[in-house]
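Engineer: This is the structure, below, for whatever I ask next.
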Amino acid sequence: MYKSFDEIKAAIANKETSCVALVENYLARIEEKKHLNVWNEVYADEAIAQAKKVDEKIASGTAGRLAGMVVGLKDVIAYKDHGLQASSKILDKYVSPFSATATERLLDEDAIIIGRQSCDEFAMGSSNENSAFGVVKNNIDETRVPGGSSGASAVAVSDNHCLVSLGSDTGGSVRQPAAFTGTVGLKPTYSRISRWGLIAYASSFDTIGIISHNVPDAALVLEIIAGQDEQDATVSQQPVPAYSTSVSDKPKEKLRIAYIKETVESEHLNKDISEKTFNKIKALKAEGHTVEGIEFPLLDYLLPTYYILTTAEASTNLERFDGVRYGYRTDQPKDLEALYKKSRSEGFGDEVKRRIMLGTFVLSASYYDAYFSKAQKVRRLIKETTEKILSEYDFILMPTTSTPSFKIGEYGENNLLELYLGDLYTVHASLAGLPAISIPNGEDKDGLTIGLQIMANRFEEEKMLAFSNYLSELD
Ligand code: GLN
């Protein structure tokens, strides 16, 4: 199986393969690995038909830049006339009447979309165990979770069901599954990619993200899907650099890199992860770069701030699923109120209901100031403090997660808080709206993959991607 888009392009050019052959191979792999439960729906016939068209375009020299790239979409990204349901029963049988801007831009460049992938319901979760379609298994160890919420999207890449996946990242949902499956997970700056056609979880945090085998593939996809969009007023007007070209640049000067002491030196950090992180730090120092441990006094506030603000935003965003306008509707309610109540109680899973309730609580008149307003202020402090660090350093480096993938069923009602605590390292960039990427950083003693996270200042994806690519090759 091909592990990079460059290899695929070369193989197509040499007539070693074709788009049709590629799609057939992926479909066979999907069938063989059905038990991992990655796909909510596979568009088999359609993908082959599309592949034929792209092969013709290649033959006539009119193909787009992504000809030969087979992509999977997390089930929160719209594709016109295709099912879309955020892995929730409440969107049962819903078909999207339009495509996300990101989807359209991929198709315009002749990418082939092979299906939609499972995720935690409405992208809420860190394990891909909360899906109306059932638990997703990690291909590296099938007794373990792939991470979440874009767990299936990460397995799809790691296990060769497609070359690239588009996921979404609100607090780590692309980066943490990437770490758990040995793939690259890129979360761009907030507002870099249009959110048009992305089902909202927490709108001031949500970004579309990219999962791939390597940094250059992520750079190319970002270059194609990022940028201005009439459909999304929050998207940045900043021009999109040629990420796919600059990604192979080596650092021109010595860099200054910070790591937050408490994250990397914490005694709670898994020993193998700590060792691998320090190995990279040593390698960077050996190359003449400055790497320094710094304090980040707001560390304890990251998780509470994230969970207050995201649940608040989720509770308002999910109000629209009322059993009337879309998807699932309860049978024979006794009156209108019962229609709303029963449709929502039956349609949403437990985790989503928990977050709607938490969010409603922090937004309620008596607690608004104590929780929501305060959390917004703390978010600003987090953002300013982090940007200040990034005005003195080029990057902040840390592990993506504090443990490798955990066992399916390890976290339940009784220790949910521990699961939330696992998001500590990824929510930082999301709160600050900054770009961050997780790259593979070896394995622990049991062969479970480890991720290394690099965070950069706003709109510094270009620099971050080139550095990550350089760092991937540094031992
Ligand atoms: N695990 C985090 C949460 O449950 C992140 C989710 C995400 O990024 N979509 O909120």
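One line per residue, one yes/no per condition, for (1) in contact with a helix residue (DSSP H, G or I) (Cβ under 6 Å, 6 or more places away or on another chain); (2) β-branched (Val, Ile, Thr); (3) modelled with pLDDT under 95:
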residue	(1), (2), (3)
GLN228	no, no, no
GLN238	no, no, no
PRO241	yes, no, no
SER246	yes, no, no
GLU253	no, no, no
ARG256	no, no, no
GLU265	no, no, yes
LEU269	no, no, yes
LYS276	no, no, no
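Engineer: Restricting the search to the stretch 260-273, which residues are assigned to a helix (DSSP H, G or I) and in contact with an Asp or Glu (Cβ under 8 Å, 6 or more places away or on another chain)?
Structural biologist: Going through the stretch 260-273, the residues assigned to a helix (DSSP H, G or I) turn out to be 261-264, 271-273.
Within the stretch 260-273, LYS261, GLU262, ASP272, ILE273 qualify.
Engineer: Now a separate question. Any residue in the stretch 330-357 that's farther than 19 Å from TYR411 by Cβ and free of Cβ contacts under 8 Å to residues at least 12 places away in the same chain: show its pairings with residues that are away from the ligand (no atom under 16 Å from the Cβ) and part of a helix (DSSP H, G or I) at Cβ separation under 7 Å, as long as the two are six or more apart or on different chains.
Structural biologist: PRO333/LEU339; PRO333/LYS342
Engineer: Kindly indicate whether TYR393 is of a type in the set (Ser, Thr, Tyr) and at pLDDT below 95. Walk me through how you get there before you give the answer.
Structural biologist: Working: of a type in the set (Ser, Thr, Tyr): yes; at pLDDT below 95: no.
Criteria not met by TYR393.
Engineer: Separate question: Go through the stretch 400-442 residue by residue and tally those that are over 23 Å from ALA375 (Cα atoms), of a type outside the set (A, V, I, L, M) and outside any loop (DSSP other than H, G, I, E, B).
Structural biologist: Keep residues of the stretch 400-442 that are over 23 Å from ALA375 (Cα atoms), which gives 400-415, 437-442.
From what is left, the residues that are of a type outside the set (A, V, I, L, M) are 400-407, 409-415, 438, 440-442.
Imposing the further condition that a residue be outside any loop (DSSP other than H, G, I, E, B) reduces the set to 407, 413-415, 438, 440-442.
Of the residues in that region, 8 qualify.
Engineer: Let me ask something else. What is the one condition in (1) of a type outside the set (D, E, K, R); (2) in contact with a Pro (Cβ under 7 Å, 6 or more places away or on another chain); (3) away from the ligand (no atom under 11 Å from the Cβ); (4) outside any helix (DSSP H, G or I) that ASN128 does not satisfy?
Structural biologist: (3)
Let's see how each residue does on (1) within 16 Å of the ligand (Cβ to nearest atom); (2) at pLDDT below 95; (3) in contact with a strand residue (DSSP E or B) (Cβ under 9 Å, 6 or more places away or on another chain):
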{"position": "ARG65", "(1), (2), (3)": "no, no, no"}
{"position": "MET69", "(1), (2), (3)": "no, no, yes"}
{"position": "LYS74", "(1), (2), (3)": "yes, no, yes"}
{"position": "VAL95", "(1), (2), (3)": "no, no, yes"}
{"position": "PHE98", "(1), (2), (3)": "no, no, no"}
{"position": "LEU106", "(1), (2), (3)": "no, no, yes"}
{"position": "ALA111", "(1), (2), (3)": "no, no, yes"}
{"position": "GLY115", "(1), (2), (3)": "no, no, yes"}
{"position": "MET124", "(1), (2), (3)": "yes, no, no"}
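Engineer: Here's a check for you: in the stretch 332-360, which residue that is buried (at least 17 other Cβ atoms within 10 Å of the Cβ) and hydrophobic (A, V, I, L, M, F, W, C) is farthest from TYR201 (Cα to Cα)?
Structural biologist: LEU339
Engineer: Something else: Suppose we keep only residues that are among the basic types (Lys, Arg) and in contact with a strand residue (DSSP E or B) (Cβ under 6 Å, 6 or more places away or on another chain) within the stretch 256-279. Which one would you say is nearest to SER438 (Cα to Cα)? Full working, then the answer.
Structural biologist: Going residue by residue through the stretch 256-279, those that are among the basic types (Lys, Arg) are 256, 261, 271, 276.
Imposing the further condition that a residue be in contact with a strand residue (DSSP E or B) (Cβ under 6 Å, 6 or more places away or on another chain) reduces the set to 256, 261, 276.
Values: ARG256: 19, LYS261: 19, LYS276: 14 Å.
If we take residues in the stretch 256-279 being among the basic types (Lys, Arg) and in contact with a strand residue (DSSP E or B) (Cβ under 6 Å, 6 or more places away or on another chain), then LYS276 is nearest to SER438 (Cα to Cα).
Engineer: What's the total number of residues in the stretch 408-424 that are more than 19 Å from ALA152 (Cα to Cα), of a type in the set (A, V, I, L, M) and away from the ligand (no atom under 11 Å from the Cβ)?
Structural biologist: Restricting attention to the stretch 408-424, the residues satisfying the condition of being more than 19 Å from ALA152 (Cα to Cα) are 412-418, 420-421, 424.
The next check asks that each one be of a type in the set (A, V, I, L, M); those that pass are 416-417, 421, 424.
Now restrict to residues that are away from the ligand (no atom under 11 Å from the Cβ): 417.
Of the residues in the stretch 408-424, 1 are more than 19 Å from ALA152 (Cα to Cα), of a type in the set (A, V, I, L, M) and away from the ligand (no atom under 11 Å from the Cβ).
Engineer: Filter the stretch 35-94 down to residues that are in a loop (DSSP other than H, G, I, E, B) and aromatic (Phe, Trp, Tyr) and give me whichever is surrounded by the fewest Cβ atoms within 10 Å (Cβ to Cβ). Lay out the reasoning, then the answer.
Structural biologist: Step one: list which residues in the stretch 35-94 are in a loop (DSSP other than H, G, I, E, B), which gives 37-38, 43, 61-69, 75-76, 78-82, 84-88, 92-94.
Subsequent filtering for residues that are aromatic (Phe, Trp, Tyr) retains 43, 79, 94.
Numbers: TYR43: 22, TYR79: 23, TYR94: 17.
Looking at residues that are in a loop (DSSP other than H, G, I, E, B) and aromatic (Phe, Trp, Tyr), I get TYR94.
Engineer: Among the helices (runs of 4 or more DSSP H) confined wholly to the stretch 302-399, which include 3 or more residues that are under 30 Å from LYS282 (Cα atoms)? Talk me through it step by step, then tell me what you get.
Structural biologist: Values: elements: 302-317, 336-347, 350-363, 374-392.
Result: 374-392.
Engineer: Now for a separate question. What tally of residues in the stretch 95-125 results from selecting those that are surrounded by 24 or more Cβ atoms within 10 Å (Cβ to Cβ) and assigned to a strand (DSSP E or B)?
Structural biologist: 5
Engineer: Going through ALA219, ALA314 one at a time, which residue ends up being modelled with pLDDT of 95 or more and in contact with a Leu (Cβ under 8 Å, 6 or more places away or on another chain)? Spell out how you get there, then give the answer.
Structural biologist: Values: ALA314 fails: in contact with a Leu (Cβ under 8 Å, 6 or more places away or on another chain).
Only one candidate passes the filter, namely ALA219.
Engineer: Sort out which residues of the stretch 425-452 are in contact with a Leu (Cβ under 6 Å, 6 or more places away or on another chain) and within 14 Å of the ligand (Cβ to nearest atom), and write them in order of number. Outline the logic, then answer.
Structural biologist: Going residue by residue through the stretch 425-452, those that are in contact with a Leu (Cβ under 6 Å, 6 or more places away or on another chain) are 427-428, 437, 439, 441.
Within the stretch 425-452, VAL427, HIS428 qualify.
The values are calculated or read from the model by the stated rules, or taken from the named source; none is laboratory data. The structure displayed is predicted, hence computed values, not measured ones. Glycine also receives a Cβ, built like all others from the backbone with ideal geometry; neighbour counts cover every protein chain displayed.
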